[in-house]
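One structure is given here, and the rest of the page talks about it.
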Amino acid sequence: MKTGFVTILGKPNVGKSTLINTLVGEKVAIVSPKPQTTRNKILGILNTDGYQIVFVDTPGIHSSKNKLDDFMEKSISDAKKSVDLIVLVLDGSKRIRQEDVEFVKRYDNKNTNAILVISKIDESSFDKLYPQIAPFNELQYIKDIIPISSFKGKNIDVLLEKIKAYIPEGEPFFDEDIYTDKSVKFLVAEIIREKALWLLHDEIPHGIAIEILEFDEKSKLCTISADIICEKKSHKQIIIGKNGQMLKNIGMKARLEIEDLLDKKVMLNLFVKVREDWREDNNFVKDIISD
Ligand SMILES: Nc1nc2c(ncn2[C@@H]2O[C@H](COP(=O)(O)OP(=O)(O)OP(=O)(O)O)[C@@H](O)[C@H]2O)c(=O)[nH]1
Ligand SMILES: [Mg+2]
């Protein structure tokens, strides 16, 4: 048996969570076009022919502005500790910039092997990419550079084979039927947040947190009540929407996915609460964002 930890790192929005979901074949982490979607260190566990590979999703690396950012930064540094391999992800749909080169170079001399993944190549071409990734070829600690597309499934198998080479022998850390370390309640809260991220605009999504108030699971029905917490009164109005339409929409989309997850009918009651500057409140961040 071979078993090990692989941490996925990169700037916000480069496609880390989509990649982990694709590798694991389950929805472990929510995905959205808004940067800073992922807030926690999330494990996605793949059991396959003699391997247990524990992928670690992380929040996108960005500069810290508040206590929530500090929490996310800590999740990233925790996720880098004692891992067997680091997968660095760059967004291949955009031009690779000097700051991307610097980000990759930060992992020099870290004693951990790294694979560089260029994501979203369905939105680019090899002709455009190859000259841009040339500077990474000379970096000793970068063992491979693999262009991938999670959307098209392109090179996912190649990446997995390369990763396997760095997984040591050992006993599995988790039961075979577990695919994440997160609780069902955490997954439910994240699904609600994901729908809000897709439907809301501007600065509102960044200031949203979900608190599960009730989770009553019976054999055929699960009743869930949750608060969508936002930072301003004006945001509350937008989240509720005209005639409550926005909140209804978030609720309907979330309910359908939660029903899929739990494999039963769900009654979902959503409320909107204002808690000014909650992102600056260390205790609140720890209570609500961590699972
Ligand atoms: N075209 C294309 N888009 C992708 C691909 N993978 C992810 N995306 C899109 O990129 C956006 C960001 O994806 P995420 O997986 O949430 O990115 P992330 O790196 O986890 O982002 P943070 O959690 O904010 O750090 C979403 O709109 C995805 O649909 C891909 O293979 N091709
Ligand atoms: Mg993410």
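The values are calculated or read from the model by the stated rules, or taken from the named source; none is laboratory data. As the structure is a computational prediction, the values presented were derived from the model and not from experiment. All Cβ positions, glycine included, derive from the backbone under ideal geometry; neighbour counts span all protein chains shown. Note: accessible area is taken over every heavy atom of the protein model, side chains too, but ligands, DNA and RNA are not part of it. Shrake-Rupley method; radii C 1.70, N 1.55, O 1.52, S 1.80 Å.
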| If only one of PHE271, PHE284 is of a type in the set (Phe, Trp, Tyr), part of a helix (DSSP H, G or I) and either surrounded by 14 or more Cβ atoms within 10 Å (Cβ to Cβ) or in contact with a strand residue (DSSP E or B) (Cβ under 6 Å, 6 or more places away or on another chain) (or both), which one is it? | PHE284
| message | As an exercise: evaluate LEU43 against (1) within 19 Å of ALA165 (Cα to Cα); (2) hydrophobic (A, V, I, L, M, F, W, C); (3) more than 12 Å from ligand 1 (Cβ to nearest atom) and give the number of the one condition it does not meet. | response | (1)
| remark: Of SER75, SER124, the only residue that is more than 15 Å from ligand 2 (Cβ to nearest atom) and either of a type in the set (Ser, Thr, Tyr) or modelled with pLDDT of 95 or more (or both) is SER124
| Can you tell me which residue in segment 124-153 is farthest from ligand 1 (Cβ to nearest atom), limited to those that are open to solvent by 100 Å² or more (accessible area, probe 1.4 Å) and among the basic types (Lys, Arg)? | LYS128
| request: Please determine, by comparing only the residues of segment 11-27 that are under 26 Å from ARG95 (Cα atoms) and more than 10 Å from ligand 2 (Cβ to nearest atom), which one is surrounded by the most Cβ atoms within 10 Å (Cβ to Cβ). | output: LEU23
| task | Give the number of residues within segment 63-82 that are open to solvent by 40 Å² or more (accessible area, probe 1.4 Å) and not polar (S, T, N, Q). | result | 9
| note | From the option list ILE30, ILE45, single residue qualifying as in contact with a Phe, Trp or Tyr (Cβ under 7 Å, 6 or more places away or on another chain), crowded, with 20+ Cβ neighbours inside 10 Å and more than 22 Å from ASP277 (Cα to Cα) is ILE45
| Quick check, is THR37 within 13 Å of ligand 1 (Cβ to nearest atom) and over 29 Å from GLN140 (Cβ atoms)? | yes
